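The values are calculated or read from the model by the stated rules, or taken from the named source; none is laboratory data. In this text the structure is predicted, and so the values were computed from the model without any measurement. Neighbour counts run over all protein chains shown; Cβ positions are idealised from the backbone, glycine included. We work out accessible area using only protein heavy atoms, side chains counted, and drop any ligands, DNA or RNA first. Shrake-Rupley method; radii C 1.70, N 1.55, O 1.52, S 1.80 Å.
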Amino acid sequence: MSIISDILTPVARAGLTTLSRQRLPQVNGEITLAGLRAPVRVLRDRWGIPHIYAQNDHDLFFAQGFVQAQDRLWQMELYRRVAAGRLSEIVGEQGLPTDRLTRTLGLYRLGEQDRAALPDDLRAALWSYAEGVNAYLEHFPHALPIEFTLLGHRPEPWTISDTMALSRMMVWQLSTAWYGEIVRAQITETVGPERAAELEAVYPHRNPVALPEGITVRHLEPAALLTESAGSYLFKGQGSNAWVIAGHKSTTGMPILCNDMHLPLMLPSIWYENHLVSDSLQVSGVSVPGMPLVMVGHNAHIAWGATLGMADAEDLFVENMNASLTRYAFRGEWLDVQTIPETIYIKGHKHPHIERVIITHHGPIISSVLDGTNQFLALSSVALQPLQVFQGWWLLNRACDWPSFVEAVRHIRAPQLALVYADVAGNIGYWLAGAVPIRARGQADIPSPGWTGEYEWAGEVPFEEMPHVYNPPQGYVVTCNNRAINDDYPYFLGNSWQNGYRAQRAVDVLESQEKFTLQELARLQLDTFSQPAIAFVGHVHSLPPDDPDVRLAQDLLHDWDGRMSEDTVAGCVYQATYYSLVRNLFEAGLGTELMLRFLGEGFNPLLRPISDTYGQETAVVLRLLDTPTSWWITQAGGREALLLRSVKQGLRWLRQTAGPDPQGWQWGNIHRMTLVHPFSTSSPLGQLFNLGPYPLCGDGETLCRTGVTPHGPDASHSIAASFRQVVDMGNLSHSVGVLPPGQSGQLGSPHYDDQMGLWLRGEYRPLLWNKEQVEAEAVARLSLLPAKGSG
């Protein structure tokens, strides 16, 4: 059967590719469209990136919707159906768990509230964007991506409501902390509070915080900007890493901003790259398909990058409900719940599913859509409150200096993001965006009693007192999901920070020399040194070399430099041993399912494939190995026995997986990634859309992050850099980036995977900026013309 499959799979893929190629969008010539007010030019470079030149904002956002539909219409359809809780209508019963979750959260309802509160200018932009998407649907009804044909489905017209619901889905997906409360509560219930406390993610004291000097605002003197490089520029006129260096640490004399956003890599990319130019706006960067504007990138004045801020703006409350689930207790009274019946239609089913959504003043009851809980849990989340989701990004796209950047950030109440900043005047900065609640009592590490009123949210951390810095004296800012502030900060922001090992590596490198080139900073994004690996290997070397497997492991690890390169054997031995030890340490006490949740496995493969506990076990493991009296160490047989057993199991696994010869134990042979198309989870035919597997370097603790899933180092999915950008504020045309796997979501497009090789090799392509550069590099030229009487 495998031989037949090996023969038929390439043939079937070739057939699908040919069919897809016949449906590729027109990228040259002219297209006349109703709704435009003036001609628009769309120039595409050799990577398929559209550079849109419009004469007004209406036409700019119209064209952005049109080109996104050209390249990503199937993805946009999938996203809006997930956000609206209508996935089951096209995929059947397998979509029901996701629909029940999004209906319970009320993402579409919240989006409708946001739509009603839109200011006129932003409403007009969103309407223009929807018009552009619909112009594509109307003009090319028979050129839909092949996924629509395979499903027998035709998309409905795009609406502002679709975009608003999608924005709510994005905000909620990027918010963190509530699921960790459930995991911690389950661990406490399983092993008791004392043993559970040993697994708490205590931030390693040696690792850096983003703002070591606290909140600092330091304005540059004008004379500091009068360098030769700055003068020459004047003739020109987002889990993640981000750092920005000041001009005095750059060989150009101007800031350089770097950002790579870590997400599960998927097909197509979560990001859509575009360059937008009108009479009032010029901005370039990545957007979310189905949404206008740019989420991360730069305009002519400022650049910005984003990482997850990891601040805790979500809590769970245990509600005391009456038998009919119509009332709940609060401060000695019984209050009425809000009940919303949600009708979910399911493909292939005669009758719809009716989801009874129950909402208290804390938020929606989410217990019914979660496994493993028998309590009524209400989710309080800033992401589920009234928001001006687009207003912040609208202002950010147009910001021209630090004050206008700060005003834009003020409107981003969720998600909680660490935003780095640089401008063409030579300034750099950082702001932890997003609202964070002040809790009346406790830190909400586990679900709190909702009926007492003692654990309510009593306000928010004032915006002006959120962690921020402007022109720090050290000349750089680093944020890698690490802790934002030191112990002197007066407010509680949460305990969900990543462990800081990536941030420490970045700081070490930035402190190692006075000045950096753009190329050196780009290479830093590709750095594979693992600081915790060195600490862990030290424990392996502490074992007596009596056992032959121990001697072999110690020999292979001898003089290893800690770099998780693709060809490292030592790094592969480290990872195999480490993962064996993790299972030996936690599985007996927690059981397999709870252990996987502790390691970060999420509860929904589409909306939350990983949770806020992901990556936190590394610091816990190292701390326990340094505490031989820990219950977790003693129940595993003691430190030496635990290490010995883990080494032997790790090597046995390597022999079974990669063969008996250690020279074949190269990390890239084990650590591989497949980019998965949504179809592949439900249909063998869908696997023809997949890409890979690809060998990887790095791991979850390296700056070149390719984090393994909780299921082991050979799992085929990876959390990695979904977009890399390096922005040169001395000359924006020198900026570089890479978007894996490519710009297009259509299998037959040459841009389906044409950036994957660059990404794997650690290479970049130009981020084209000025008009002359774009004209010179354009390989496709499309004119969008207004129909007679249009506009």
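Worth a mention:
- Computed with a 1.4 Å probe over protein heavy atoms only, the accessible surface of the range 338-464 comes to 39 Å² per residue.
- Cα-based shape type of the range 572-707, given that a ≥ b ≥ c are square roots of the gyration tensor eigenvalues and the cut on a/c is 1.5: oblate
- Cα gyration tensor category, rounded, prolate or oblate, for the range 1-147 with a/c compared to 1.5: oblate
- In the full protein context, the range 581-686 carries 39 Å² of accessible surface per residue, based on a 1.4 Å probe and ignoring ligands, DNA and RNA.
- Projected label distance in nm at residue 561 and residue 508, using a 7 Å step from Cα toward the beta-carbon: 1.3 nm
- Per residue solvent-accessible surface (Å²) - the range 484-537, probe of 1.4 Å: 40 Å²
- Heavy-atom accessible surface of residue 709, to the nearest 10 Å², is about 20 Å², with a 1.4 Å probe and all protein chains retained.
- For the chain, the residue among 582, 10, 521 whose Cα projects farthest onto the positive side of the dipole built from Cβ charges is 10.
- Global geometry of the chain, whether rounded, prolate or oblate, following the gyration tensor of its Cα atoms and the 1.5 cut on a/c: rounded
- Two-site FRET efficiency, residue 407 against residue 520, from Cβ-Cβ distance with R₀ of 45 Å, rounded to 0.05: 0.85
- Whole-Hz ³J(HN,Hα) from phi, Karplus 6.51 cos²θ - 1.76 cosθ + 1.60, for the range 173-184, glycine and proline x: 4, 8, 8, 10, 3, 6, 5, x, 4, 5, 4, 5
- Loop-located GluC sites (Glu not before Pro) across the range 486-564 with a Cβ neighbour count of 15 or fewer within 10 Å are 511, 514, with loop assigned by DSSP.
- Each of residue 652 and residue 12 was given a label point 7 Å from its Cα along the Cα-to-Cβ line. The distance between the two points is 3.7 nm.
- Of all aspartates and glutamates in the structure, those lying under 15 Å Cα to Cα from residue 350, and not within fewer than 8 positions of it along the same chain, are 89, 93.
- Computed over neighbours whose Cβ is under 11 Å from that of residue 282, the net charge equals +1, Lys and Arg +1, Asp and Glu -1.
- 222 nm mean residue ellipticity, helices alone, for the chain (DSSP H n ≥ 4; -39,500 (n - 2.57); rounded to 500): -10500 deg cm²/dmol
- Accessible-area composition of the chain, carbon plus sulfur, in percent [1.4 Å probe]: 53 percent
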